[in-house]
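Colleague: Just passing along the structure, written as structure tokens.
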Amino acid sequence: MTEAQVGAEAGTACFHCGQPVPPGADYRVEIDGVAQPMCCPGCQAVAQSIVAAGLTEFYRYRTAPARTPAETVPDFLRQAEVYDRPALQRNFVVVDEGNVREAALILEGITCAACVWLNERHVGRLPGVLEFSVNYATHRARVKWDDTRIHLSDILRAISEIGYLAHPFDARRQEEVQRRERNQSLRRVAVAGLGMMQVMMIAVGLYAGDWYGMDPHLRNFMRWVSAVITVPVVAYSGQVFFRNAWADLRRRRLGMDVPVSLALAAALAASLWATATGGAHVYYDSVTMFIFFLLTGRHLEMSARHRAGQTTEELVRMLPAVATRLGEDGSEEAVPVAELVPGDRVLVKPGETLPADGVIESGASAVDESLLTGESLPVPRRAGQSVIGGTLNVESPLVVRVEKVGEETVLSAIVRLLDRAQAEKPQLARLADRAAGVFVGALLLLAAGVALYWYRQAGPLRAFEITLSVLVVTCPCALSLATPVAMTAAAGALARLGLLTVRGHALETLARVTDFVFDKTGTLTLGRLELEGIDPLAGRREDAALEIAAALERHSEHPIAQALVAAAAGRPLPEAEAVRAVPGEGIEGRIGGTLWRLGTRAFVEALSGTSEDVLPEAGETAIVLWLGSEAGLCARLRLSDRVRDEAAEAVQALQARGIRVHLFSGDRAPVVLALACALDIDHARAEMKPAEKLAALRDLQAQGRVTAMAGDGVNDAPTLAGADVSVAMGGGTQLAQAAADMILLSEDLRHLPQGIDGARRTLRIVRQNFAWAIVYNLLAVPAAALGLVAPWMAALGMSASSLVVVLNSLRLRRLGG
């Protein structure tokens, strides 16, 4: 008798694990006729399972107490608690207001759209989980939770309970997961293919024997050989179908693998029975073909899914693994990017990728931002300007002071938005998911009816074959794949163009837009003042006037000052002394002993005490400054917010597509009307407050119009949020981008009509996918029910239906190309 049993007889130890039994605990289990004490419900449940399985000899022959239930928990579930540590979460968790947190996860074990559906419903019902969505194309999940009610480790455990493995997203780990997924899929396809070829060769002999005659012993031998080959194919290659079906049934769901598993199990069981009893028909060839065709279709679908999510993966992989950190003494140290913190100084050499968001401390170079913005040419960057992690330094070394790392960077935010958009389901996708769930139940009822009918008409063997074909030929996979693969491919193509989709409904709504509303400043215009021209007076040279004006404004942060200094860039400027700004009037200072003023005409003329009409009016659309000294006026400077070069082309392209263009602006009426006239916009309104813009938008919607809004400022946020679909400029405010459904990272307005073309094409392809899935099932189900489709033909047809949908959707990857 073991030490544990002795202790148990004394009433002090658990009979199962040997741990002390708490006072008052009564979890006894009857083992071999004796009620034995247990320390907890876990040991009680394990012991009851051992008794129920007839394995009580375990207790007689064991040499040590069993492990406690805590010891039998898989290592992963214990390791999951590590992810609750704040120091670790800093690298992959975004903390919102209060205790709300958001993270990206990789899900392993996803094989079809039903897996996504099961995970979303299971995790979404957990108390404390606020949002949970899975991107089918990349197998990435976005989870938002209240950390006071549930921890991340609890969510990971809940996912493992339904047979999937989840862990925080890491780009390099996902590459490994996808590589392992491909290799495993190829092995299963290879085993199924080899088995199918061997069984088919034997089947040819059996079919010839049925026609020409065959010795019964030889027929029986060949059947047993087929069985020996088929069983391993089902056990190894076909296990994925049974595992998914069992997971669905445990959750009381009817997933897409349920009818497939029923068909495979029934065909194999009937074949083994016929082999053992000398029955008339075996279906080993059909079983192996089922598995081979289905796995081949899923492997091709998986490869297409990986390609569809390629743009997001390219964004994720943009950050380097190692950065060169500079010490206080200028020493260089190679450190992992994950160890960088705000305030660190890093050296970025030509050809290297910037490791984090920051500001250039020293150096000037050109930075390639093409993957983020779609801009094909490198952008000049110099000291004091911001740079984005993941962009490529092209020309010269830069020293950058890190400002944002991890999930706080612009790149991480873009990936987060893209993930959210691809995981959010448009109305068409939600409708397809509901239809697919009903479809499986209806299919099983139909199969039962078909079996009963043919059993009465033609006997059990014919009924079995036809029912098998009905179960296999129909699969709602094509319905569920119709939208997500198309949306993911289209979103990736538009992202490469510089138009980032951040809401799931955006593409669907953009395709139906009838009215496009533009803000003026920062949207149709560049949003910054530029020097339009200089009108010199009194024989002054134009360049001399610019140098004096820029010298006065050199140290000011005012937008007008920045425009003048930028216009004089590269020129030697004189030193200005005793510079003084007069609010609402202008600025004055001494240059070379002469007092100069720059500002309103009255302010400048007051210096000389003279007033004269020397130039015609500059018009009401420009900002006018006067430059003068004690000797009188010497120049007039005209500044304006320059219209984007591509604005007219973009407006014409939208109008050519039958879309009515509107201009809503808070600027002065003359400026707005002049811009509307230049761009040929018929519907323009000026001096509008944010509430008035929103009210005008609501009026359009009340007329049944589908509205799109493009803007960039804080004042545009209410209108962006109120539009049916909204686009924020890439250089706009964070509030505008948060309210938008799409972000124009390229800031090229010509990409908007291209985006509309892409959205319309996406909707057409989604409708084609639905039409194909519906027509296929309308033709295939009756044909199978009438006995016109052999089981192997059913397997081939079902695989082909899903593959057609995926390949059709992948045509969207060429949008804008």
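The values are calculated or read from the model by the stated rules, or taken from the named source; none is laboratory data. Predicted model, so just to flag it, every value in this text is computed and none were measured. Every residue, glycine as well, gets a Cβ built from its backbone with ideal geometry; the counts of neighbours run over all protein chains shown. Surface accessibility is based on the protein's heavy atoms, side chains included, excluding ligands, DNA and RNA. Shrake-Rupley method; radii C 1.70, N 1.55, O 1.52, S 1.80 Å.
Colleague: List the residue pairs whose Cβ atoms are under 7 Å apart, where the first residue sits in region 259-273 and is within 14 Å of Val228 (Cα to Cα), the second is of a type in the set (Phe, Trp, Tyr) and assigned to a helix (DSSP H, G or I), and the two are 6 or more positions apart or on different chains.
Modeller: Ser271/Tyr284
Colleague: Looking at Gly533, Gly527 in this structure, which one is surrounded by 19 or more Cβ atoms within 10 Å (Cβ to Cβ), farther than 19 Å from Asp724 by Cβ and of a type outside the set (A, V, I, L, M, F, W, C)? Explain how you work it out, then say what you get.
Modeller: Details: Gly533 fails: surrounded by 19 or more Cβ atoms within 10 Å (Cβ to Cβ).
None of the other options fit; the residue is Gly527.
Colleague: Give, as residue ranges, the helices (runs of 4 or more DSSP H) completely inside region 9-110 that count at least 3 residues that are among the aromatic types (Phe, Trp, Tyr) and at pLDDT below 75.
Modeller: On the way: elements: 41-52, 57-61, 75-79, 86-89.
Counting at least 3 such residues, we get 57-61.
Colleague: Within region 697-716, can you find the residues that are open to solvent by less than 10 Å² (accessible area, probe 1.4 Å) and of a type in the set (A, V, I, L, M, F, W, C)?
Modeller: Scanning region 697-716 gives Leu697, Ala708, Met709, Ala710.
Colleague: Now, a different point. Condition first: among the charged types (D, E, K, R), modelled with pLDDT of 85 or more and under 23 Å from Leu249 (Cβ atoms). Now tell me which residues in region 117-156 satisfy that.
Modeller: Residue satisfying the conditions is Arg125 alone.
Colleague: Another one. State yes or no: is Ala269 at pLDDT 70 or above and either buried (at least 16 other Cβ atoms within 10 Å of the Cβ) or of a type in the set (Ser, Thr, Tyr) (or both)?
Modeller: Working: at pLDDT 70 or above: yes; either buried (at least 16 other Cβ atoms within 10 Å of the Cβ) or of a type in the set (Ser, Thr, Tyr) (or both): no.
It is false that Ala269 is at pLDDT 70 or above and either buried (at least 16 other Cβ atoms within 10 Å of the Cβ) or of a type in the set (Ser, Thr, Tyr) (or both).
Colleague: Given the conditions (1) open to solvent by 30 Å² or more (accessible area, probe 1.4 Å); (2) assigned to a strand (DSSP E or B); (3) closer than 18 Å to Arg638 by Cβ, report the number of the one that Ala581 does not fulfil.
Modeller: Result: Ala581 passes all but (3).
Colleague: Please go through region 703-730 and pick out each residue that is within 33 Å of the chain's Cα centre (by Cα) and free of Cβ contacts under 8 Å to residues at least 12 places away in the same chain. Spell out how you get there, then give the answer.
Modeller: First, pick out the residues of region 703-730 that are within 33 Å of the chain's Cα centre (by Cα): 704-730.
Once the filter is applied, which keeps residues that are within 33 Å of the chain's Cα centre (by Cα) and free of Cβ contacts under 8 Å to residues at least 12 places away in the same chain, region 703-730 yields only Gly704.
Colleague: Might you check whether a residue that is within 19 Å of Thr296 (Cα to Cα) and at pLDDT below 80 occurs anywhere in region 189-208? Step through it out loud before you land on a result.
Modeller: Taking region 189-208 and keeping what is within 19 Å of Thr296 (Cα to Cα), we get 189-200.
Checking the rest, the ones that are also at pLDDT below 80 come to none.
Checked region 189-208: no residue is within 19 Å of Thr296 (Cα to Cα) and at pLDDT below 80.
Colleague: Could you tell me whether Ala486 is part of a helix (DSSP H, G or I), surrounded by 20 or more Cβ atoms within 10 Å (Cβ to Cβ), in contact with a helix residue (DSSP H, G or I) (Cβ under 9 Å, 6 or more places away or on another chain) and at pLDDT 80 or above?
Modeller: Answer is no for this residue.
Colleague: Let me ask something additional. Would you mention how many residues in region 562-578 are more than 20 Å from Val624 (Cα to Cα) and not in a loop (DSSP other than H, G, I, E, B)? Even if it seems obvious, please write down each step before you answer.
Modeller: Of the residues in region 562-578, the ones more than 20 Å from Val624 (Cα to Cα) are 569-578.
When the remaining residues are screened for being not in a loop (DSSP other than H, G, I, E, B), the result is 577-578.
Selection size over region 562-578: 2.
Colleague: Do you know which residues across region 782-791 are open to solvent by 20 Å² or more (accessible area, probe 1.4 Å), in a helix (DSSP H, G or I) and under 9 Å from Ser469 (Cα atoms)?
Modeller: Ala785
Rundown of residues vs (1) farther than 20 Å from Trp117 by Cα; (2) at pLDDT 85 or above; (3) open to solvent by 10 Å² or more (accessible area, probe 1.4 Å), yes/no style:
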| position | (1), (2), (3) |
| --- | --- |
| Met222 | yes, yes, yes |
| Thr230 | yes, yes, no |
| Ala245 | no, no, no |
| Arg251 | no, no, yes |
| Phe293 | yes, no, yes |
| His306 | no, no, yes |
| Gln310 | yes, no, yes |
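Colleague: Would you check which residues across region 452-482 are at pLDDT 70 or above and outside any helix (DSSP H, G or I) and list them? Reasoning before the result, please.
Modeller: Quick first cut of region 452-482, residues at pLDDT 70 or above only: 452-474.
If the condition is that a residue be at pLDDT 70 or above and outside any helix (DSSP H, G or I), then Gly459, Thr474 are the ones that fit.
For (1) open to solvent by 10 Å² or more (accessible area, probe 1.4 Å); (2) more than 15 Å from Ala104 (Cα to Cα); (3) without any contact (Cβ under 8 Å) to a residue 12 or more places away in the chain, each residue gets a yes or a no:
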| residue | (1), (2), (3) |
| --- | --- |
| Trp117 | yes, yes, no |
| Glu120 | yes, no, no |
| Leu130 | yes, no, no |
| Ser133 | yes, no, no |
| Arg140 | no, no, no |
| Ile150 | yes, yes, no |
| Ala158 | no, yes, no |
| Ile162 | no, yes, no |
